[in-house]
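Inspection log for the structure reproduced underneath, given as structure tokens.
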Amino acid sequence: MGQLAEPAGEPAVQTLEDELEEVIASRVREFRSALGWSVGHLAERSGLSKSMLSKIENAKASASLSTLARLSSALNVPVTAFFRGLDEEHDVIHIKAGRGLDIEHRGSRTGSRYQLLGRMRHPYDMLEPLLVTITRRTKAFPLFQHAGVELLHVLGGQVAYAVGDDTYLLDTGDSLQFAGDVPHGPVELRELPVRFLSIKALPTNG
């Protein structure tokens with residue numbers, strides 16, 4: 001009686017470690033090629049053996065954190081750049097109309113509504129978007145100062161807006177961009193309600 005044939009093997013399943021090795025291999029080759037360097041030259045610059053570097057570039061060996069640090073220094077790229085392309089959860093914020101987070105803005109009062117339209121997590125937290133709605137006139141408005149720069153885009157109404165010693169009359173569709181450390185704020189509401197989008201670009205924390 002003949003021998004039974006061995007069952008067909010299961011197709012290989014790529015592990016996270018395999019995927020990580022392939023991504024790092026692609027990034028190292030990409031950065032090296034962009035500089036026009038040979039494998040030998042990068043090996044010399046990084047202090048790695050040519051054999052080890054060749055294995056890393058062909059996803060035949062895992063690169064330790066200290067090895068990635070050497071490559072990072074030699075190629076002048078951050079260590080995190082070697083992981084670009086690895087599948088990961090992306091930070092996306094979707095705010096439905098009217099569902100922004102109401103916040104108590106400094107100097108806010110009755111007739112003024114500030115809605116935060118989400119804030120990304122670090123390291124992408126450099127934007128602070130606010131939807132501002134003003135429905136009631138007042139005799140005095142606070143002036144604001146903050147780090148970074150700010151962009152205003154008027155969605156409705158008409159407002160006189162001060163930046164430093166200058167005042168700008170903003171109509172629906174107008175935009176105004178300025179340095180945040182200059183005192184700024186509305187000084188006169190010409191046509192109510194006033195609605196504008198305020199986007200602050202803030203310095204990163206490194």
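Please specify each residue of region 146-174 satisfying the condition of being over 21 Å from ALA97 (Cα atoms) and polar (S, T, N, Q).
GLN158, THR167
Given the conditions (1) farther than 15 Å from PRO186 by Cβ; (2) at pLDDT 90 or above, which single one is not true for ASP166?
With (1) farther than 15 Å from PRO186 by Cβ; (2) at pLDDT 90 or above applied to ASP166, the lone miss is (1).
Report yes if some residue within region 106-120 is of a type in the set (A, V, I, L, M), under 26 Å from the mean Cα position of the chain (by Cα), farther than 30 Å from ALA81 by Cα and not assigned by TED's automatic domain parsing to the domain that holds PRO78; otherwise report no. If you could, list the steps in order and put the result at the bottom.
As a first pass, look at region 106-120 and keep what is of a type in the set (A, V, I, L, M): 116-117, 120.
Next, from what is left, pick out any that are under 26 Å from the mean Cα position of the chain (by Cα): 116-117, 120.
With the extra rule that they be farther than 30 Å from ALA81 by Cα, the set shrinks to 116.
Applying the additional criterion that residues be not assigned by TED's automatic domain parsing to the domain that holds PRO78 yields 116.
Checked region 106-120: at least one residue is of a type in the set (A, V, I, L, M), under 26 Å from the mean Cα position of the chain (by Cα), farther than 30 Å from ALA81 by Cα and not assigned by TED's automatic domain parsing to the domain that holds PRO78.
Does LEU20 qualify as being in contact (Cβ under 8 Å) with a residue 60 or more places away in the chain and either of a type outside the set (S, T, N, Q) or not in a helix (DSSP H, G or I) (or both)?
yes
Being in a helix (DSSP H, G or I), polar (S, T, N, Q) and under 26 Å from PRO123 (Cα atoms) narrows it down to one residue among SER26, SER33; which is it?
SER26
Of all residues being in a loop (DSSP other than H, G, I, E, B) and free of Cβ contacts under 8 Å to residues at least 24 places away in the same chain in region 154-206, which is nearest to GLY118 (Cα to Cα)? Just the residue, please.
So, considering only residues that are in a loop (DSSP other than H, G, I, E, B) and free of Cβ contacts under 8 Å to residues at least 24 places away in the same chain, the one nearest to GLY118 (Cα to Cα) is GLY206.
The values are calculated or read from the model by the stated rules, or taken from the named source; none is laboratory data. Given the structure is predicted, the values throughout are model-derived calculations rather than measurements. Neighbour counts run over all protein chains shown; Cβ positions are idealised from the backbone, glycine included.
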